[in-house]
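The values are calculated or read from the model by the stated rules, or taken from the named source; none is laboratory data. Keep in mind that what you see is a predicted model, and the values were worked out from it rather than measured. With ideal geometry, Cβ positions are generated from the backbone for all residues, glycine too; neighbour counts draw on all protein chains shown. These accessible areas exclude ligands, DNA and RNA; they are computed on the full protein's heavy atoms, side chains included. Shrake-Rupley method; radii C 1.70, N 1.55, O 1.52, S 1.80 Å.
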Amino acid sequence: MSLTEYQNAVDEVIIDSDKEYITLHIPISEYDISHAKIFTYFKDYLGQRYWFQSKDNKFDNVGIGYRASIARDRFKVKSLSDEKKNLYDSIQTVVLAENPTSRLSLFGGVKFDDKDTTDEWSDFSMAEFHLPVFQFDLVRQELFYTIPQNSQKLSEAFQELLETLSALSDTEPDAYEGAEVNIIKDIFPEEWKKLVDEAVEVLDDETFMKVVLARQRLITFKSSLDPLYLIERLKDETGTYTIYYEKGSSAFISKSPERLFEIKDDYLWTNAIAGSAPRTMDESDNAYQQDFLLNDEKNRYEHELVRQSIVEDLKPYSSVIKYDDVPEILQNKYIYHLHTPIEMRLNDDIEIFEILKAIHPTPAVGGMPKKIAKNYIKEQEYGTRGLYAAPIGLIHENNDSEFVVSLRSMLLSKTSATLFAGCGIVKGSSSDKEFLETDVKFTPMMNVLEVEK
């Protein structure tokens, strides 16, 4: 059925005067819509756009305009839960799609910790989730369009939406090009190695077993990076989650291999990911690296710490947690990881923000024990992590959600990019080897920027 044939249905909708927003849910398969067209057509929404795609292409969502947001300067489970409920309660959804499968969602994230933020993270709140004006689901070919309830007649809004979609479909994506590099430099490299050595001295096998230490690389350019260039470059690597998140004058980008968790119908799926080895173009070397990972004492120990911690964190929320004792190999374009899938059924009346608070940060990005490691990072690590290694994802009206650990990431601001990478430090770690490991982990963002050091 053509969208224009839904006009009569729109005219018959009874508006609930208690609702603040009206959301039209419509099919868009009759239109020719792409990422490049969306970001070209909606260029005036710069600073209020996101793209979030799963590694298995289960979802591919683009949000344009932040119609409403929930934002807190402190992570408070009850406050965020109440705000989420109130926002969804304020929306009346008008479904004009036959057998719809997409769902309206809030997109956003929570910073790694509450360390006093430096200026580069000032555009982002501690916890922040957005209801977009336009939410495109490019996998299911459906759109959610949200307007204030009293802004105009619903039939007029529907007609304007059809005109917008026609114009979007006819849009010719703008030309784009990369920016010329000015400076590439690692931030405090020798000081970071010294910090690793100091951490090794205070770590032990019982009271403080592991800490993840991150470092940064700064790249400056002679002009601003074009969002369309970045969108196209982000398509280069498959098999990872893609995050492109604009807020104000900043953009946060991640090509993460790691799902924090998914919740659907009261079931939760997560995974332990820790222990890594480089992947190359040499298949014999790759076979060696995988075998090394599965049998290396340090990597297996690090992985088991992560798995044990996640299971303990989730025990209060489920009576049954399933996982295998022997890890698998997770393959990404540049690196291998040890990987253990974990599945559980949630107890009744568990809020999504309770799960976020319980599981973040995992030992894969924080350390063991969690509280000691998190405090060590906050007090000793150079710079502020912000959204690096933090939870970013989608939240639906109920608990259903999907969150990513935003690794392999960078923060863009005007003509600069700050890249982030970290590694797990345990007793016996070598600062020189860990430094080289983080070099490998910078590769995805270096590749996005088409930069070589």
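Descriptive notes on the structure:
- For the range 363-415: relative contact order, % (alpha-carbon pairs under 8 angstrom, 6 or more apart): 24 percent
- Carbon plus sulfur fraction of accessible area for the range 342-386, probe 1.4 Å, in percent: 42 percent
- Rounded accessible area per residue of the range 27-140, 1.4 Å, Å²: 41 Å²
- Highest average packing first - 3-9, 67-73, 294-300, Cβ atoms within 10 Å: 67-73, 294-300, 3-9
- Report note on the peptides 308-318, 404-414: ranked by the mean count of other C-beta atoms within 10 Å, highest first, their order is 404-414, 308-318.
- Entries of Lys264/Lys371; Lys371/Lys427; Lys84/Lys247; Lys315/Lys357; Lys111/Lys247 with Cα pairs more than 22 Å apart: Lys264/Lys371
- Calculation over all alpha carbon pairs of the range 1-128 in 5 angstrom steps from 0 returns a P(r) of 2, 8, 14, 16, 19, 18, 12, 6, 3, 2, 0 percent.
- Karplus (6.51, -1.76, 1.60) ³J(HN,Hα), θ = phi - 60°, over the range 20-31, in Hz, Gly and Pro reported as x: 8, 10, 10, 10, 8, 10, 9, x, 10, 5, 7, 9
- Rounded to the nearest 500, the helix-only mean residue ellipticity at 222 nm of the chain stands at -9000 deg cm²/dmol, with each DSSP H run of n ≥ 4 adding -39,500 (n - 2.57).
- Carbon plus sulfur fraction of accessible area for the range 216-292, probe 1.4 Å, in percent: 49 percent
- Long-range amide H partners of Asp296 with built H, under 5 Å: none
- Between Val13 and Asn398, full extension at 0.36 nm per residue minus the direct alpha carbon distance yields a gain of 136.1 nm.
- Take the Cα of Ser122, go 7 Å toward its beta carbon, and the backbone nitrogen atoms of the range 65-92 under 18 Å from that spot belong to 73.
- Backbone amide hydrogens, once placed in the peptide plane, bring Ala274 within less than 5 Å of Leu338, excluding anything fewer than 5 places away on its chain.
- Cross-link check: pairs Lys222/Lys370; Lys370/Lys441; Lys115/Lys441; Lys298/Lys414; Lys58/Lys222 evaluated at a Cα-Cα cut-off of 30 Å; pairs beyond the cut-off: Lys222/Lys370; Lys298/Lys414; Lys58/Lys222.
- Spin-label model distance (nm) - Lys264 vs Tyr31, 7 Å beyond Cα toward Cβ: 2.6 nm
- Take every Cα pair under 8 Å whose residues are at least 6 apart in sequence, average their separation, divide by the length of the chain, and the relative contact order is 22 percent.
- Take the Cα of Ala167, step 7 Å toward its Cβ, do the same at Lys85, and the gap between the two points is 4.0 nm.
- Efficiency of FRET between Asp432 and Arg72 - r from beta-carbon atoms, R0 41 angstrom, step 0.05: 0.50
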